[in-house]
Amino acid sequence: MVYVIQTALELGFMYALVAMALFLSYRILDIADLTTDSGFVLGAAVSVTVAAAGHPFLAILAAMVAGSCAGFVTAFLQTRLGVPSILAGIVTNTGLYTVNLMVMGWSSNVSLLKQSTLFTMMKETGIGGAWYKLIRATGDNADLVRASSVNPVFTITVGLCISNALTALSGAVVGQYQKSADINGGTGIVVIGLACLIIGETLIGRRSMARNVLAALIGSIVYRFIYAIILKTGIVPIECLKLVTAIVVALAIAGPELKKWAAFQKRKMSATARRGGK
């Protein structure tokens, strides 16, 4: 049981970076950035490849730079070429598939085998003991930003660069944690990240920036605990877990509209009952 808790915490901290990235792009910038899936793989691919060359710490920085570049491409397509945000993310996401293959030496997966990683080096130094593995204006109103003499193109570009750097950082850490990178390793990451973010916002709320960051972290840890429980108990077949996650995200996003619909139905039933009584 202790192992399950430790693993859930470790993965929760690592994947919380994706939830934070989606908070920045989705909540603050109000942009549906679909670069996330391939951006995560990009971070893992760069991290594992550079770590295999003997530079595990430099690998983390290189992955973040690569993620920032991916975010810049998405922002450039959106702000300079007029491509809608969703399509810009799809275009970048599609192009990154080939880039990721190129980074991994045209192989669908790469591994570190016996090479040193960030985690093995921390273990050797004794840092962390047994826990060595643990390591909104533009979106709301772009016209107001322009009126304040702030260029929204700049804020969107910086925001997407930071967002994708965080996603790549998550992939980089996970890649070294698992000692491998797979071309399909990012499939569904955007849905999982949204699930973590929404779970955290439901539990913690989103009244301040500090609370928002905490919500992303707590949501990611809770999601990983739920994942671990499902794996241990078999309540839901593991093959169906991503479907369940997608349904939870869809219901959570649609929550406000569902509440309005339920309130309308309640008022409708009350009005019908009053007319029936008369």
Only one residue in Leu77, Leu101 is closer than 15 Å to Asp182 by Cα and open to solvent by less than 50 Å² (accessible area, probe 1.4 Å), so which one is that?
-> Leu101
Of all residues in the stretch 55-95, which are under 29 Å from Lys114 (Cβ atoms) and either in a helix (DSSP H, G or I) or within 18 Å of the chain's Cα centre (by Cα) (or both)?
-> Pro56, Phe57, Leu58, Ala59, Ile60, Leu61, Ala62, Ala63, Met64, Val65, Ala66, Gly67
Given the conditions (1) modelled with pLDDT of 95 or more; (2) more than 22 Å from the chain's Cα centre (by Cα); (3) surrounded by 16 or more Cβ atoms within 10 Å (Cβ to Cβ), and given that Thr117 satisfies all but one, which numbered condition is not satisfied?
-> (1)
Kindly indicate whether any position in the stretch 19-32 is on the phi < 0 side of the Ramachandran plot and more than 16 Å from the chain's Cα centre (by Cα).
-> no
Show the residue pairs that are 6+ apart or on different chains and have beta-carbon atoms under 6 Å apart, the first residue being within the stretch 75-104 and within 23 Å of Ala44 (Cβ to Cβ), the second being open to solvent by 40 Å² or more (accessible area, probe 1.4 Å) and among the aliphatic types (A, V, I, L, M).
-> Gly89/Leu34; Ile90/Leu34; Thr92/Val73; Asn93/Leu34
First in the stretch 211-238 and more than 17 Å from Ile189 (Cα to Cα), second anywhere and of a type in the set (Val, Ile, Thr) and not in a helix (DSSP H, G or I), Cβ under 8 Å, 6 or more apart = Ile229/Ile235; Ile230/Val236
Would you please name the residue that is modelled with the lowest pLDDT, looking only at residues in the stretch 1-35 that are of a type in the set (S, T, N, Q) and touching a Ser or Thr at 6+ places or on another chain (Cβ under 6 Å)?
-> Ser25
Consider Arg27 against the criteria (1) surrounded by 24 or more Cβ atoms within 10 Å (Cβ to Cβ); (2) in a helix (DSSP H, G or I); (3) not hydrophobic (A, V, I, L, M, F, W, C): it satisfies all of them except one. Which criterion is unmet?
-> (1)
Looking at Phe40, is it in a helix (DSSP H, G or I), open to solvent by 50 Å² or more (accessible area, probe 1.4 Å) and over 24 Å from Ala210 (Cβ atoms)?
-> no
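The values are calculated or read from the model by the stated rules, or taken from the named source; none is laboratory data. These numbers were taken from a predicted model, which means no experiment stands behind them. In this analysis, Cβ positions are derived from the backbone assuming ideal geometry, glycine residues included, and neighbour counts consider all displayed protein chains. Heads up: the accessible areas ignore ligands, DNA and RNA and are worked out on the full protein's heavy atoms, side chains in. Shrake-Rupley method; radii C 1.70, N 1.55, O 1.52, S 1.80 Å.
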